[in-house]
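To keep things clear, I will list the structure first and then write my remarks on it.
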Amino acid sequence: MERVVAKQYDLIIGGERVATSEHFEIRDPGTGDVVGLCPVATKEDLDRAVASAREAYRTWSRSGDQERKEAVDRIADSIHANMEELAQLLTLEQGKPLNGLGSRFELHGAEAWARHTGTLDLPVEVLHDDETGRVELHRKPLGVVGSITPWNFPILIAIWHVVPAIRAGNTVVIKPSPYTPLSTIRMVEILNDVLPEGILNVVAGRDDLGQMMTSHPDIQKIVFTGSCATGRKVMQSASETLKRVTLELGGNDAGIVLPDADPKAIAERLFWGAFINNGQTCAALKRLYVPGNIYDELCEALVDYAGTVRVGHGLDEGSILGPIQNRMQYDKVVDLVEDAKRSGARILCGGKASEGPGYFYPVTIVADATDGMRIVDEEQFGPVLPIIRYTDLEDAIEQANGLDVGLGGSAWSSDVDKAKAVAARLECGTAWVNNHGAIKPFAPFGGVKGSGLGVEFGDLGLKEYTSVQVVHQ
Ligand code: NDP
C-alpha cells in the first residue's frame, strides 16, 4: 500500500514560506493519526522573523488609521472566506468538534472579533485647551509584538492577540503552542495574502522558542495566554528588557447557585459554562457551590443534560464534544478524578477513562466534593465539574474567593438583583449573572490576582498595544 506522506508546514517570515530542516509530527487527539509536520524554528529563524517584523514596522507604524482598519477588515474577510478549511484543520489537530461550540463556532468568533476590532478608534484626547496652551494625548504603537498562544482555542486566541496589535500599528511574530501549531500557521499564510509583507510572521518549534521570544531584545511587548506558572516565567523573563506584557492566565472559576434558583431552568447553561471546549477553557466554570435545598435536584438535572451530549470524533458532524487535546492534560484529568474518588467524592456520571484510541474522557460530574480536595482546589481544565454543597451563603462566597486566581465567576438565582449582589462580591475580572463564560468583543476581559495582568478586547484591550505620548503646545 502506498504510504501517505504527511503535509509539511513551513514558517511564514516576511510574507514568504521558510522551510526548516527539522519537523515534528502533530497527531489527531481523536485517533492518534498524523495530521501534519510542524516546522522547528531555530534561534536564527526567530531572529529573522523579528527582523522582518521590525523592518515592516518602519512603514506600518506610520500608516494611517484608515489603512489599518482596512487591513483588519481584510483579515475578517479572509477568515470568512477560508472558514471551512481552517475549521477542518483546527478540528484535526485540536480535537474539538466541527459543530456545537467547536471549530466552526471558533472561526465565527475569530471573524466577529476581527470585524469589531476594525471599528475601534484611537482618537487623540485633548487634555487641556485654552489661551495658555493645548495638551494632547496620543496613542502610538509599541513596535514588534510577540504573541504566545495555547492549545485550547488556537485560532481565536491568535486573532485576539494579532488583530489589536496590527490595528494599533504594531507588527507581530506569533508562536502557537507545539500541541496545535498547524491551524495558526495556515491562517497566517492565508492572512499574508491580504496584509503588507512582514507585519504578521509565524514561528513554531519546541519548548525553548517561547523563552527566546520573551527575552528577545527587539520584541517590545509579549501577549501571552496560558498557564499561571508559565505566565510568571514570561513576566520574569520579559522584565530583563522591560517589555510590556499582557498575561491572560488560568483560573478556577467558581459559580454560586442561590437557594431560590430553579435547577431545571439553569442546568443547560450551567453545563455549557463548565463543559465548553471540554472544560479546556480558561474562564470555564470549574467549581459549583450549591445549597442543600436544591443540591440533589440540580445534580440530577445536570446529569440528565449530560446524557444528551454526544461525544465523538470531531469530524463526525454529530459530535458535540471531542477528545481532550493532549496526553498531559488527559493524565491530569484522570489523576484529579481518581484523587476525588479516593477522597470520598461521588461520581454521578463519567469518571472512567476510555480505552482509546484517542484521549476521550467522558463528561464527569462529581458530587460531595469539598474545598481542600484537589479536584476543587486545582484547575482541572477538562470535562469534569465538582459540585460542592453549602449551607451558609457567606461561607460559599468566602470559599469561592479563597484561591489565588480570579478570572471569572458567576451567581445564579431566580432573582436577578440577588444574583447580581453576590456576583459583585466575587474576586474576579468578569462576573456573570445566570450565565458563565459569555464574552463580547467590546467588553474588556482579564483576570485579577494570579489570573493575569491587563485586559483584552474593546477600547481598553486595544490601548494595551499602545504607548502614550503627550504633546504640549
Ligand atoms: P503553557 O502555559 O506551558 O503553554 C502555553 C504557551 O506558552 C505555549 O505556546 C508554550 O509553548 C509557551 N511557553 C511555555 N513555557 C514558556 C516560557 N518559559 N516562556 C515563554 N513561553 C512559554 O501551557 P501548557 O500547554 O503546558 O498547559 C498547562 C496548563 O496550562 C493546562 O493544564 C491548563 O491548566 C493551563 N492552560 C491555560 C490556558 C488558558 O487559556 N489560560 C490555555 C492552555 C493551558 P512551548 O511549550 O513551546 O514553550
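The values are calculated or read from the model by the stated rules, or taken from the named source; none is laboratory data. Just so we're clear, the structure is a prediction, and the values are computed from it rather than from any experiment. Reconstructed Cβ throughout: ideal geometry from the backbone, glycine too, with neighbour counts over all protein chains shown. Ligands, DNA and RNA are stripped out before the accessible areas are found, and what is left, the full protein with its side chains, is counted by its heavy atoms. Shrake-Rupley method; radii C 1.70, N 1.55, O 1.52, S 1.80 Å.
Once R0 is set to 45 Å, what does the formula 1/(1 + (r/R0)^6) return for the Cβ-Cβ distance between residue 260 and residue 227, expressed as a FRET efficiency to the nearest 0.05? Intermediate results must be reported in sequence, preceding the final value.
On the way: r = 37 Å, r/R0 = 0.82.
The formula returns an efficiency of 0.75 here.
Just tell me which lysines come within less than 25 Å, Cα to Cα, of residue 341; anything on the same chain fewer than 8 places away is out.
286, 332, 352
Roughly speaking, to the nearest percent, how much of the chain's 1.4 Å accessible area is carbon and sulfur? Each step should come with its number before you reach the end.
Values: 9750 of 19080 Å².
About 51 percent, which is the carbon plus sulfur part of the accessible surface.
Nearest 0.05, what FRET efficiency do residue 395 and residue 112 give at R0 = 30 Å with Cβ-Cβ as r?
Numbers: r = 40 Å, r/R0 = 1.32.
Efficiency for this residue pair is about 0.15.
Calculate, for the chain, the solvent-accessible area per residue in square angstrom, rolling a 1.4 angstrom probe over the heavy atoms of the protein chains.
Roughly 40 Å² per residue, with all protein chains present.
Direction-averaged shadow area of the convex hull around the Cα atoms of the chain, nm²?
Working: hull surface 97.3 nm².
For the chain, averaging the hull's shadow over all directions gives 24.3 nm².
Amide H of residue 36 versus every other amide H placed in the peptide plane: which residues, excluding those fewer than 5 positions away on the same chain, fall under 5 Å?
Placed amide hydrogens put 26 under 5 Å from residue 36.
State, to one decimal in nm², a quarter of the convex hull surface area for the C-alpha atoms of region 201-294, i.e. the direction-averaged projected area. Mind showing how you got there, number by number?
Numbers: hull surface 33.7 nm².
Directional mean of the projected Cα hull area for region 201-294 stands at 8.4 nm².
How about residue 463: which aspartates and glutamates have a C-alpha closer than 15 Å to its C-alpha, ignoring those fewer than 8 places off in the same chain?
Cross-link targets: 65, 121, 125.
If only Cα atoms are counted, what is the Rg of region 256-386, and what is its Dmax, in Å?
Considering region 256-386 through its Cα atoms, Rg and Dmax are 14.1, 44 Å.
Once phi is turned into ³J(HN,Hα) by the Karplus curve 6.51 cos²θ - 1.76 cosθ + 1.60 with θ = phi - 60°, what whole-Hz value does each residue of region 67-82 show in order, with x for glycine and proline?
The phi angles translate into 4, 5, 5, 5, 5, 5, 4, 5, 4, 4, 4, 5, 4, 4, 5, 10 Hz.
For region 57-112, go through all pairs of different Cα atoms, get the mean of 1/r, take its inverse, and jot down that Kirkwood value in Å. Working shown, then result.
Details: mean 1/r = 0.0795 Å⁻¹.
After inverting the pairwise mean of 1/r, the radius is 12.6 Å.
If I take R0 = 51 Å and measure r between the Cβ atoms of residue 377 and residue 74 in this structure, what FRET efficiency does the formula 1/(1 + (r/R0)^6) give, to the nearest 0.05?
Working: r = 46 Å, r/R0 = 0.90.
The pair residue 377/residue 74 has a calculated efficiency of 0.65.
What's the center-to-center distance, using Cα atoms, between region 1-73 and region 423-454 in Å?
32
For region 361-473, I need the span (max minus min coordinate) of the C-alpha atoms along each principal axis, in Å, sorted largest to smallest.
66, 35, 23
Pull out the extension gain between residue 467 and residue 85, defined as 0.36 nm times the separation in residues minus the alpha carbon to alpha carbon distance; nm, one decimal. Walk me through the intermediate numbers first.
Details: separation 382, 0.36 × 382 = 137.52 nm, distance 3.68 nm.
Extra length from residue 467 to residue 85 when fully extended: 133.8 nm.
Compute the length gained on full extension between residue 443 and residue 63: take 0.36 nm times their separation in residues and subtract their Cα-Cα distance, giving the result in nm to one decimal.
Working: separation 380, 0.36 × 380 = 136.80 nm, distance 2.67 nm.
Extending this stretch completely gives an extra 134.1 nm.
Tell me, what is a quarter of the convex hull surface for the C-alpha atoms of region 139-260, in nm² with one decimal?
Numbers: hull surface 39.6 nm².
Averaging across all directions leaves 9.9 nm² for the Cα convex hull.
So which lysines can residue 418 reach, going by Cα to Cα under 20 Å and dropping same-chain residues fewer than 8 places off?
In chain and number order, the partners are 264.
Starting from the amide H of residue 261, placed 1.01 Å from N in the peptide plane, find each other amide H under 5 Å away whose residue is 5 or more places distant or on another chain.
Distant-sequence amide H within range of residue 261: 414.
Cβ under 13 Å from residue 27's Cβ, residue 27 left aside: what net charge do those residues give with Lys, Arg +1 and Asp, Glu -1? Show your work: numbers first, answer last.
Values: positive: 327; negative: 25, 28, 33, 93.
Here the count lands on -3.
Roughly speaking, what is the stretch gain from residue 420 to residue 129, that is 0.36 nm per residue apart minus the C-alpha to C-alpha distance, in nm to one decimal?
Numbers: separation 291, 0.36 × 291 = 104.76 nm, distance 4.12 nm.
Between residue 420 and residue 129, full extension yields an extra 100.6 nm.
With angles folded into 0 to 90 degrees, how steeply does helix 327-342 sit against the dominant principal axis of the chain? Use alpha carbons for both and round to 10.
Relative to the chain, helix 327-342 is tipped by roughly 30 degrees.
Could you give the nm distance between label points at residue 315 and residue 218, where each point is 7 Å from its Cα heading toward the beta carbon?
A separation of 4.0 nm, rounded to one decimal place.
Can you give me the Cα centroid spacing of region 111-153 and region 170-201 in angstrom?
21
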